Amino acid sequence: MIGKGNLIRLLAGLLVVVGLPLAGRWLRPRAIDACALDGTAPPPSYRVEVRYAGEAPLAFCCVRCAEMWIENQTTPPEAILIADEASSRLIPADAAVYVRSSVLTNASTHCRIHAFGRRADAVAHAARFGGTVLAGADRPFATTHPSPPAPGSE
Amino acid sequence: MIVNGFAVLDAFLSLVRLGMSLLVVGLGAAALYSGSRGDGAADAREVRENRTYRLLTLAGTLLLLNIISWPVLYLVLQSYVPEWPDVMCIYGVTRIGTGSVGPSRFLPPLLDTLQAAKPLLIFLSGAWFALYAVNRRTATASLTGRVVALVMLSGVLAVGDAACEVAYLAIPKKEDVGPTGCCTEAFDAAEADVRFLPEGLRSERAARWLTCLSYATNAVMAAGCWLLSRRRSQPASLLALTTLLAGALVCLAAGAVFLVEVAAPRLLHLPYHHCPYDLIPRAPESIVAAALFVLACFSVGWAWIVRLAGNEAEARPYQVETVRRLLALACTGFVGSTLMFTVELALA
C-alpha cells in the first residue's frame with residue numbers, strides 16, 4: 001500500500017512532468033510568420049515562399065534556407081516565389097535575376113544571393129557591391145525551377 | 001566586455017567562486033597534511049576537526065554556487081545573442097572570436113572548456129557530498145580523508161572553471177572578425193560537421209530507430225536502478241554498479257544524439273533544425289526534462305563512487321542506504337525525464 005507521503009510526492013512529480021510541458025505549450029505564442037527552416041522572421045525584401053501541392057506556403061528568410069529545405073524533400077515544389085529586393089514584391093523564382101555580391105542577405109547562413117525583378121536593378125547592385133549576375137546552373141533553385149531561356153539564345 | 005544584468009551576476013558569482021575554491025583547495029591541502037601526520041593529541045585532533053568542519057561548510061556553499069553557475073552561464077550566453085547580427089542563438093555566441101588574431105581568439109576554447117567543465121564539476125561536487133552523507137553518520141568519521149580528497153579535486157576544478165569564466169567575461173568581444181554564422185549552417189546543412197550522426201544516417205527511419213534506442217536505454221536503466229535499489233540488507237555489488245555506470249554512459253550518449261537528431265526539431269516545430277541551444281529560449285521546459293536525465297545519470301555515478309570509496313566496516317550500513325537512495329533517485333530521474341519528453345513530443 002502506498003503511503004500518504006509517497007502519494008503526495010508521486011502526485012507532485014506527475015504535476016511537474018505533465019503540467020510543465022502543458023503550461024509551456026499554453027503560454028508560448030506560436031510564431032505565425034517564421035522561416036520554416038530556422039524559425040527566424042523573414043525580412044520582406046529577402047523573403048522566399050515555397051509552395052507544395054495541397055499545402056500551405058512555407059516562408060523562408062533567405063535563398064540558402066529555402067535551398068536547404070528543398071534538398072531535404074523527395075518531391076519538387078509546385079512553385080517558388082521570391083521577393084524582388086527593390087520592391088519587396090513576390091515574383092516567380094524562375095523569372096528573377098540573381099546576383100551574388102559582398103552584401104549578406106542573412107548573416108547567420110552567410111547567404112549573399114540577392115534577387116531582383118528587373119535586370120537593370122540586378123546589374124546596378126552587382127556593379128555597386130562587386131557582385132556577379134548568376135546564370136545557368138549557378139542560379140538558385142536551378143535544378144527544381146530552371147530559368148526560361150534568355151531572349152535571343154538557342 | 002559586454003555589460004548587462006546577467007554578465008554582472010555571472011562575474012560576481014565567478015569571482016566569489018574563485019575566492020571560495022582557492023580557500024577550499026588551501027584548507028583541503030592543510031587538512032590532508034595534518035591528517036597524514038596523524039598527531040593523536042587531543043588539541044591537535046580538535047584543531048583538525050574544526051579545520052575539516054570549516055572546509056566542508058565552505059565546500060557545501062561552493063557546491064551550491066557551482067550548481068547555480070551552470071544555468072547562469074547559459075543565461076549570459078543567451079543575453080549576448082542580440083549583440084551580433086549574424087548570431088541567432090547560443091551556438092553563434094560560442095563561435096564569436098573564431099578566426100580572430102586578437103584576445104578574442106581565446107573565446108571559443110574558453111567556452112568549450114566551460115561547457116565541458118560545468119557538468120564535471122557538478123558531478124565531482126555531488127560525489128563528495130554523497131560520500132560526506134555516509135561519513136557524517138559514522139561515529140569516527142572514518143571516510144574523512146577520502147571526502148577531503150574529493151573536495152580538493154572539485155576545488156581544483158572549480159578554480160579552473162571560475163578563472164575561465166572570469167577570463168571569458170573580461171575578454172573584449174567587439175572585435176571585427178567577420179561573420180562567423182550560426183546554427184543553421186552548422187547543424188542543418190548537408191555537410192554539417194557538428195552533428196553526432198554521419199550524413200547517411202540522418203533519415204526519418206534512423207530517427208525512429210534513435211527514438212526506440214533512447215527509450216529502450218532509459219527503460220533498461222530505470223529498471224536496473226529500481227532492482228538494485230530494492231536490496232536493503234546487502235549492498236549492490238561493485239560489478240552490478242559498474243555495469244550500471246557503463247549503461248549510464250551509453251544512455252548519456254544515446255540521449256545526446258536523441259536530443260539533437262529527434263527531440264530538438266520536433267520541439268522547435270522546425271523539422272530540419274537540429275540546434276539544441278535553440279531549446280533554451282524556445283522550449284525552456286525541455287531543459288527541465290534534460291536536467292532530470294542528467295541528474296539520473298549522475299546519481300548512478302555517485303552511487304558507484306559511494307560504493308567504491310565508502311567501503312569501510314563502520315560505514316557499510318549507511319553506505320548501503322545511501323547507494324539505495326541514489327539509485328532510487330536515478331530511477332525517478334530516468335522515468336521522469338522519459339515521461340516529460342514523451343508529453344512534450346506528443347504536444348509538439
- Cys residues of chain A with no disulfide-compatible partner (no other Cys Cβ under 4.7 Å) are A:Cys65
- Item | Phi-based couplings in Hz for region A:116-123 (Karplus 6.51, -1.76, 1.60; Gly and Pro marked x) | 9, x, 10, 4, 4, 5, 5, 5
- Message: For B:Arg136, project a label point 7 Å along Cα to C-beta. Then give me every residue of region B:325-347 with its amide nitrogen under 17 Å of that point.
- Response: B:325-326
- Compute the separation of the alpha-carbon centres of region A:16-87 and region A:111-132 and state it in Å as a whole number. 25
- Counting Lys +1, Arg +1, Asp -1, Glu -1, what net charge surrounds B:Val134 among other residues with beta carbon under 13 Å of its beta carbon? +4
- Quick one: net charge of B:Pro235's neighbours, Cβ under 11 Å, K/R +1, D/E -1? +4
- aspartates and glutamates whose Cα lies under 16 Å from that of B:Lys174, excluding same-chain neighbours fewer than 8 positions away: B:Glu83, B:Asp86
- Query: Measuring from label point to label point, each 7 Å out along Cα→Cβ, what is the A:Ala120 to B:Ala44 span in nm?
  - Reply: 9.8
- Table column - 3J(HN,Hα) (Hz), region A:79-89, Karplus curve with 6.51, -1.76, 1.60, x for Gly and Pro: 8, 10, 10, 9, 6, 6, 4, 6, 10, 6, 7
- Quick one: if the Förster radius is 25 Å, what FRET efficiency do B:Ala256 and B:Gln234 give, using the C-beta to C-beta distance and rounding to 0.05? 0.15
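Since every read-out is calculated from the coordinates, none of them should be taken as a lab result. These figures come from a predicted structure and were not determined experimentally. Every residue, glycine among them, receives a Cβ derived from its backbone with ideal geometry; neighbour counts consider all protein chains shown.
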